[in-house]
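Encoded as structure tokens, the structure appears first; notes follow it.
The values are calculated or read from the model by the stated rules, or taken from the named source; none is laboratory data. Note that the coordinates shown come from a computational prediction; the quantities given were computed from them, not determined experimentally. So basically every Cβ, Gly included, is an ideal-geometry build from the backbone, and we count neighbours across all protein chains shown.
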Protein chains: 2
Amino acid sequence: MKILRADMARRQVAWEPVPPEYERVGGRALIVRVLLREVPPTCDPLGPANKLILAPGLLGGTTATSSGRLSAGGKSPLTGGAKEANAGGNAGADLGRLGIRGVIVEGQAAPGELYVLHIAPGRAELVPAPELRGLGTYATAEALKERWGANCTVISIGPAGERRLTAASIAVTGEGRQNSRHAARGGLGALMGSKGLKAVVLDARGSSLVPLADPELFRRAAKRFAQELIESPKTGKKGSSHLYGTAAIVAAVNELGCLPTRNFSEGRFEHAERLRGETNRELTLSRGGEMGTRCMPGCVIACSNVFVDPAGKPVVATIQYETIGLLGSNLGLGTLDEVAELNYLCNDLGLDTIEAGAALGVAAEAGLATFGDKGSFVALLDEIARGTVLGRVLGQGATVTGRVLGISRVPAVKGQAMPAYDPRALKGNGVTYAISPMGADHTAGNAFGSRGEVGPLAVEGHPALTRKLQLGGAMLDSTGLCLFSRPPLLADPQLTVDLLNGRYGWGWTVADLDQFNRQVLRDELEFNRRAGLTAADDRLPEYMMCEPLPPHNTVFDVPESELDKALAEL
Amino acid sequence: MKILRADMARRQVAWEPVPPEYERVGGRALIVRVLLREVPPTCDPLGPANKLILAPGLLGGTTATSSGRLSAGGKSPLTGGAKEANAGGNAGADLGRLGIRGVIVEGQAAPGELYVLHIAPGRAELVPAPELRGLGTYATAEALKERWGANCTVISIGPAGERRLTAASIAVTGEGRQNSRHAARGGLGALMGSKGLKAVVLDARGSSLVPLADPELFRRAAKRFAQELIESPKTGKKGSSHLYGTAAIVAAVNELGCLPTRNFSEGRFEHAERLRGETNRELTLSRGGEMGTRCMPGCVIACSNVFVDPAGKPVVATIQYETIGLLGSNLGLGTLDEVAELNYLCNDLGLDTIEAGAALGVAAEAGLATFGDKGSFVALLDEIARGTVLGRVLGQGATVTGRVLGISRVPAVKGQAMPAYDPRALKGNGVTYAISPMGADHTAGNAFGSRGEVGPLAVEGHPALTRKLQLGGAMLDSTGLCLFSRPPLLADPQLTVDLLNGRYGWGWTVADLDQFNRQVLRDELEFNRRAGLTAADDRLPEYMMCEPLPPHNTVFDVPESELDKALAEL
């Protein structure tokens, strides 16, 4: 495999053999290693010294199911710490097949210049692309596919990333209609924008299959992995993940009382019923949309969907739980059509729906929009689209929006907005939000599925659980595997070990894998420490400690000592 | 002496005897002690757990010249760390005469409520003052003097503080026309606003003189102190400080090449001649204004002035060097009339002229105003006055303005804007900006006057100098003494010791005073550490390390190791 470096200042690309220190890392693990070795931790995240890393997981490009996620990373313009965000679509698999361990984008193009990085088997070039300036991510993908072929995969930013707004995402195309996936968290779209890089086009046609060190071992493991997912009552053909997608949990989260409602002021939403996964399925199928589609080629879970409007026209693929929580209940909006419309606008601008939804909620609390009035939120997104000062404020995310508008009820940790689980009624997630090196992030270690192990309102027992979940997250994000494929992998770690040994022949043991996962977290925490983050950043916002959340009327009361203990045990 | 506590939530005041731990501290030293003992370091600076402390220095209310500065402090909404800012006017002396070691304002009034704290000898009350909402600091002072008597002293915030904008100052009245002094730095006006406290009215009439433990010792020391200032070629009647005020240094700073010009992009300004102290004196006297006025009663230096417009109408008292640098050359404005007009608007809004000037410079770089066009900056201040979103952005100071507008050339440290010495051409100030617990602050240890000891462009020799200056600053800010009175005090530390022993009978030695000063810095650094600030915050902005400043075309190249050494030796 190779490392591809793109030097934006010199407009040069260079292929490098993978150096020993990057040999046994991929995805998130590669990103933090590059950060520690190549990026000054105190650098301006939007300055020339930061680097954008795009990397497949260690299993990217293989035939293992659900293994093609693309990791994007760098020093986060939002949290100021190490950041990895990943997305489905075709990019992870393509990069794996192209034999690329990671693309490292360095330096900055001259102000006003904009480039596309085109990568095909064995060759890459930076192409000026002034004509793409200001285009949304959908139009960008269309224009680039027109130029480079419909089978290309496009990784791009929208106007939000071009303007270096710290709620900006990186979009990735996949197969099928409206398939726009986002490495959304941490403002990595702004980092890409700061480089002067509008898009990366991957043309994997003609690339060979990834080599396998032990084909037999790999195939056996991959088969067992797929089989377990197919036979699972959750991820199989009759499972809720497949039938209803990530939105399958809307009703349960609402019942639990932790569904963000009207800027995290309530934990139950009166219209949750209309936002449920079951409602989505019914509505979508009745209108000629699609359920059970794939975000990545070959995935056996197929939890995606193509949401269509009443006339059957595709709006977004896919409509996700976190988006429903942040752009729906959090804004007091109670129909999937409203959520999908805002979702489309965010996707096209290249904005994280979580960060944008939280910022809009804060803005509504400040009186700039009205909970329940979709038009008022469309108007705010239009401010972002037009690049007004208000739009620039909102586009920086919830924390800056709160600071500017004088609102202290901002649901964020380390400057990053919380996903759709209010931590006052699901305290395990509060623990992860607080201490994860990623800031408030559900993929860092979501305790929702483990509420049988540690009760949602329990104030004790969190360290062991968050550790297990965060280590699992590090493994998934470094191998390119999807969160939904977690259960069989956590139940039998040998499965991942076999996949990796089959692919690379490293002869790893389960202990080696555990050590690997642990090192990812420790390296991220070390980078954050050097970047200036401290225990003071490992806390939830003050108001969540004293303002009770209906309906349970509980505050976040996990003691700071428990948080520190959990962090020490990571 | 007493501590006066004002509990804004309960609308109660309480007099307390000074507890032992606050007995031998005043001003800045009292503030940090209260912070360490009473304020959770990670609290929301604008939340109920933060406290606003108003305190005279240890010599406040005595007859020692230049000793009546008022210290304001708390956890800074701008830097997130310990903060003390002080101002002239009558408040420091009044509080001393009222026998008050410090006023500690706690909790928060109910949203929408606004109070005045009225203090007279032996009594205090919180009075609802809804009629003052939105008033500028000049009108507030006028209204309160009308109600409580012309001899009262008014400490107040303007609309900026009411809106909790983090560039907001606290204004203090003094004798004479337009006499508005500001404890400007660190956003303490926002902290006062967050409490629901519009103003404090001090009525010291009828209060007795402060008691002296050793009247003879005190009078001898006070006399020698005054004598030395009067006989000094700098602060005496023929000295530049008296004749030209703080603006005396405009020409020298410009010659040195470190006068902030057009958002710190140049170090010399082509119209500096028109902004000089000499020009100010000539213009002011020719128009019927006043030079050589006093900011504090009884001050022998009298460096102040009343700047008048061409018709002889007072505009501001006083026009200061830092204001000329930040609202003048930094905005490309080359006349004192323009500076005075912006100065008046900032004073009335209750805005730090340094922070506001830096924010306006950043806004101009973003294209929202035009360097050299006063009207464009008046329009931006009007946005702040009207409370528009843009106004709220600018009112948060330079760092937030840069973040929102996408400008990385932001002259700030720890979120606080630099005063009027570009550190690339006066590296000693860069060292102080970087490592002072206060963030970028000239009063924390200004190396300008010591450029004979360590050359302005030297990259070595800074640790000893900044240590000496920062310890001197801690002493001045804790005793209530003015920066201009520093030379005789630093030349003979026994002088300060005699003043303190004469006042309190503590029997201190020079070593005790040195230890006291050191403790102030160490306590502030400790509070900052607990609040989450680290070595990563002890750095200048990245662009100053790589973008040369004309005319010397030098970058800030004091090695990080030297900064860390200087910090360790504080």
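What to note about this one:
- Elements of type strands (runs of 3 or more DSSP E) contained in the range A:65-134, each with 1 or more residues being more than 30 Å from A:D537 (Cβ to Cβ): A:100-106, A:115-120, A:123-128
- Contact annotation: residue pairs with Cβ atoms under 7 Å, 6 or more positions apart or on different chains, pairing a residue in the range A:344-360 that is at positive phi and buried (at least 24 other Cβ atoms within 10 Å of the Cβ) with a partner that is part of a helix (DSSP H, G or I) and among the small types (G, A, S), are A:G350/A:A160; A:G350/A:G161; A:G350/A:G189.
- B:V497 vs. criteria buried (at least 20 other Cβ atoms within 10 Å of the Cβ) and without any contact (Cβ under 8 Å) to a residue 40 or more places away in the chain: yes
- Residue count for the range A:478-535, restricted to those that are over 30 Å from A:E560 (Cβ atoms) and within 14 Å of chain B (Cβ to nearest Cβ): 0.
- Filtered residues of the range A:298-332 (kept if part of a loop (DSSP other than H, G, I, E, B), over 28 Å from A:G236 (Cα atoms) and in contact (Cβ under 8 Å) with a residue 60 or more places away in the chain): A:G332
- Within the range B:202-225, tally of residues that are closer than 24 Å to B:I31 by Cα and surrounded by 24 or more Cβ atoms within 10 Å (Cβ to Cβ): 1
- Within the set A:G328, A:G350, the sole residue that is closer than 20 Å to A:A171 by Cα, in contact with a Ser or Thr (Cβ under 9 Å, 6 or more places away or on another chain) and of a type in the set (G, A, S) turns out to be A:G350.
- Considering B:T509, B:T534, B:T554, B:T496, the condition of being within 27 Å of B:K75 (Cβ to Cβ) and β-branched (V, I, T) is satisfied by B:T534 alone.
- Boolean, B:G391 is surrounded by 24 or more Cβ atoms within 10 Å (Cβ to Cβ), in a helix (DSSP H, G or I) and not acidic (D, E): no
- The C-beta contact set for the range B:12-28 (first residue within 15 Å of B:L95 (Cβ to Cβ), second residue among the hydroxyl-bearing types (S, T, Y), distance under 6 angstrom, 6+ apart or interchain) comprises B:G26/B:S478; B:G27/B:S71; B:G27/B:S478; B:R28/B:S71; B:R28/B:S478.
- Condition check for A:L426: within 14 Å of chain B (Cβ to nearest Cβ), under 22 Å from A:S265 (Cα atoms) and modelled with pLDDT of 95 or more: no
- Yes/no for B:L525 being assigned to a helix (DSSP H, G or I), under 23 Å from B:C299 (Cα atoms) and at pLDDT 95 or above: no
- Top-ranked residue of the range A:369-388 - restricted to ones that are part of a helix (DSSP H, G or I) and among the acidic types (D, E), ranked as farthest from the other protein chains (Cβ to nearest Cβ): A:D382
- Residues in the range B:1-13 that are exposed (fewer than 14 other Cβ atoms within 10 Å of the Cβ) and either part of a strand (DSSP E or B) or touching a helix residue (DSSP H, G or I) at 6+ places or on another chain (Cβ under 9 Å) (or both): B:Q12 alone.
- In the range B:537-560 there is at least one residue that is surrounded by 21 or more Cβ atoms within 10 Å (Cβ to Cβ), within 14 Å of chain A (Cβ to nearest Cβ) and among the aliphatic types (A, V, I, L, M).
- Screening the candidates A:E142, A:E106 for the property of being surrounded by fewer than 18 Cβ atoms within 10 Å (Cβ to Cβ) and within 23 Å of the chain's Cα centre (by Cα) yields one hit, A:E142.
- Selection within the range B:135-152 - outside any helix (DSSP H, G or I), modelled with pLDDT of 95 or more and not hydrophobic (A, V, I, L, M, F, W, C): B:G136, B:G149
- Residue check for A:L326: crowded, with 22+ Cβ neighbours inside 10 Å, of a type outside the set (D, E, K, R) and within 16 Å of the chain's Cα centre (by Cα): yes
- Checked against (1) touching a strand residue (DSSP E or B) at 6+ places or on another chain (Cβ under 7 Å); (2) of a type in the set (D, E); (3) without any contact (Cβ under 8 Å) to a residue 40 or more places away in the chain, B:E273 meets all criteria but (1).
- Selection count, the range A:389-414, where residues are within 10 Å of chain B (Cβ to nearest Cβ) and on the phi > 0 side of the Ramachandran plot: 1
- Scanning the range B:40-77 for residues that are within 14 Å of another protein chain (Cβ to nearest Cβ) and crowded, with 24+ Cβ neighbours inside 10 Å returns B:P45, B:N50, B:K75, B:S76, B:P77.
- Options B:A311, B:A302, B:A340, B:A317; residue that is modelled with pLDDT under 95 and under 28 Å from B:G136 (Cα atoms): B:A317
- Taken over the range A:153-164, the criterion of being outside any strand (DSSP E or B), more than 18 Å from A:G107 (Cα to Cα) and hydrophobic (A, V, I, L, M, F, W, C) is satisfied by A:A160 alone.
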